[in-house]
């Protein structure tokens, strides 16, 4: 029988039982990234056999889409139009094209990393720091994405829950429970280990490509917050899915995005939101191998709560 979802009181207790506050010292800002050791990176490098790399990111476009909350902007500072007929002096002055790009990457469409500074609970962020350290003027003065300036390179594991369930995609509002993760582990013939970057496929992005929709209106599948104790027990360093990483409608409205709250604030578990796991799932199925080297390299943005990212799997 499926495990019944925890009560709201039990989920609130996760803030204590799943907490990593103080685990790596009172000054720690990295959270679960501490689990990615030098030995872990060396072991991950040994997973590369045929040298094939696969993106896990969605394209960032400027077309208006149903699930776009803040429209990404691109305007050309200079272009190539008319260069072929301009005078030699003008051609020398206008030597190339350039553009301005602007976006709010937090949301439902752009593949991005969430730093622990992104979410608050009871006025606190990860490791008990005050939310007032995230200011309007300076931004995230602690626990910002620049902490990952050297990148995160580790063993990546894909648990294809949709495939394990025998469906193309999960239905809106369906939660991935711990038994789903364990069933996908058995199907893949592996076990999630400390320091892994775990990617979980629900098939949501594949459905979005066929049926464009807004997640808050249509609902989304996602990891249920009931998976938080499992993720902590297994020592997952970073978790990513093909959704925005919270069920909608929310199962605990008084907690808002409860998976984000427990992961980022209590555990210091960094998130990858809105991944594109379709090419990766195909590559894994073709090789019958669901482990690989995964490199996650956010932009080195100072005092920012996250970053657009293009995670790269290497087989």
*asked:* Against the definition (in the same structural domain as residue 159 (by TED's automatic domain parsing), over 22 Å from residue 142 (Cβ atoms) and over 15 Å from the mean Cα position of the chain (by Cα)), how does residue 266 come out, yes or no?
replied: no
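The rows are residues; the columns are (1) at negative phi; (2) buried (at least 20 other Cβ atoms within 10 Å of the Cβ); (3) under 13 Å from the mean Cα position of the chain (by Cα); (4) modelled with pLDDT under 95.
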site	(1), (2), (3), (4)
257	yes, no, no, no
271	yes, yes, yes, no
277	yes, yes, yes, no
293	yes, yes, no, no
303	no, no, no, no
*Working only within region 24-47, note down all residues that are assigned to a loop (DSSP other than H, G, I, E, B) and surrounded by 14 or more Cβ atoms within 10 Å (Cβ to Cβ).*
24, 28, 29, 30, 36, 47
*Which condition number does residue 13 fail, the rest of (1) in contact with a strand residue (DSSP E or B) (Cβ under 6 Å, 6 or more places away or on another chain); (2) free of Cβ contacts under 8 Å to residues at least 12 places away in the same chain being met?*
(1)
*asked:* Please count how many residues of region 209-227 are assigned to a loop (DSSP other than H, G, I, E, B), surrounded by fewer than 18 Cβ atoms within 10 Å (Cβ to Cβ) and either under 19 Å from the mean Cα position of the chain (by Cα) or free of Cβ contacts under 8 Å to residues at least 12 places away in the same chain (or both).
replied: 3
*Determine, yes or no, whether residue 261 is outside any helix (DSSP H, G or I), at pLDDT 95 or above and either at negative phi or not assigned by TED's automatic domain parsing to the domain that holds residue 17 (or both).*
no
_Being surrounded by 20 or more Cβ atoms within 10 Å (Cβ to Cβ) and either more than 24 Å from residue 34 (Cα to Cα) or in contact with a helix residue (DSSP H, G or I) (Cβ under 6 Å, 6 or more places away or on another chain) (or both) is true for just one of 188, 183. Which residue is that?_
188
*From the set of residues in region 164-180 that are touching a residue at least 24 places away in the same chain (Cβ under 8 Å) and in contact with a helix residue (DSSP H, G or I) (Cβ under 7 Å, 6 or more places away or on another chain), which is surrounded by the most Cβ atoms within 10 Å (Cβ to Cβ)?*
176
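The values are calculated or read from the model by the stated rules, or taken from the named source; none is laboratory data. As the structure is a prediction and not an experimental result, all values here were calculated from the model. A quick note on method: Cβ atoms are made from the backbone with ideal geometry, for glycine too, and the neighbour counts reach across all protein chains shown.
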